[in-house]
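One structure is given below, encoded as structure tokens.
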Amino acid sequence: MLTKVHSGLDPAPGVWWKPAHKAEKVWVGIAFAWCMVLFAMMPLWHWKGGQNPSGIRRRVDPQKFFARTVEFATQYKIGEDRGIPIVAPPAGAEVYLTGMTYQWYPILQLQAGATYRLHMSSLDFNHGFSLYPMNVNFQVVPGYDYALQVTPTAAGDFRIICNEFCGIGHHTMVGRVIVVDGAGKPLADNAHAVIRDREAK
């Protein structure tokens, strides 16, 4: 006995052409409505939530960007921490930060309430910029300069964590951003103090 083989040209057996059941229509409607809510939340979260700030991304030569970062660090250097310069640019300055295996260069000291243009890029591999304990995350890609206008609002000693695996020393890639008050002193002695202050509010 031969079994008939259906090709793509034959209509599929079943009752798919009959009207959908009422319950099925309800669930399709709920799913569509939820998709519209999520679609609307993307721009709303961008504009009102401030979780995805807009920036300018452009192509750049990694070596030239790092050379500009070194020039920036030399110009505004005020000290060192384990061989990495601590730089304190004036308000409104163009600030440069480079990720590389396995460090962030340089250490930034910014003023609370001042506005800067922060330029971020990578010298070698993809790195993840995560500012702890704040909910700030970016992808730092070699060959691209990601420029972002920033205004620090919470003073303290923050850590930059690489949250994208970049090699065997990935876990040691920790940088610093120091935010000081108008007198040039951190209002909080470390990131944990900032967390306690935020929780108290």
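Close amide H partners of Arg176, meaning residues 5 or more places away or on another chain with modelled amide H under 5 Å apart, are Leu108, Ile160. 3J(HN,Hα) along the range 88-103, derived from phi through the Karplus expression 6.51 cos²θ - 1.76 cosθ + 1.60 where θ = phi - 60°, amounts to 10, x, x, 4, x, 6, 7, 10, 10, 9, 10, x, 8, 6, 10, 7 Hz, with x in place of Gly and Pro. A Förster radius of 41 Å, combined with the Cβ-Cβ distance separating Arg59 from Lys18, puts the computed FRET efficiency at roughly 0.15. Residues Met41, Met173, Met120, ranked from the fewest to the most other C-beta atoms within 10 Å, line up as Met41, Met173, Met120.
Taking θ as phi - 60° and the Karplus parameters 6.51, -1.76 and 1.60, the scalar couplings of the range 162-169 work out to 7, 9, 10, 4, 10, x, 5, x Hz in sequence order, x denoting glycine and proline.
Set the Cα radius of gyration of the range 56-117 against 2.2 N^0.38 Å, with N its number of residues, and you get 1.12. With a Förster radius of 22 Å applied to the C-beta separation of Asn126 and Met42, the computed FRET efficiency comes to 0.40.
Between amide H atoms placed 1.01 Å from N, distances below 5 Å from Val95 occur with Arg117, Leu118, His119, all of them 5 or more places distant or on a separate chain.
Residues in the range 63-80 carry Karplus couplings, in order, of 5, 5, 5, 5, 4, 5, 5, 4, 4, 4, 5, 5, 5, 10, 5, 10, x, 9 Hz; the curve used is 6.51 cos²θ - 1.76 cosθ + 1.60 with θ = phi - 60°, and Gly or Pro positions show x. If amide H atoms are built 1.01 Å from N in the plane of the peptide, which residues on other chains or at least 5 residues away come under 5 Å of the amide H of Asp61? For Asp61, whose amide H was placed from the backbone, there are no distant partners under 5 Å.
Taken together, the values in this text are just the output of simple stated rules run on the coordinates, not laboratory data. On a predicted model such as this, the values are computed, not experimentally measured, just so you know. Positions of Cβ are generated from backbone atoms using ideal geometry, with glycine treated the same way; all protein chains shown enter the neighbour counts.
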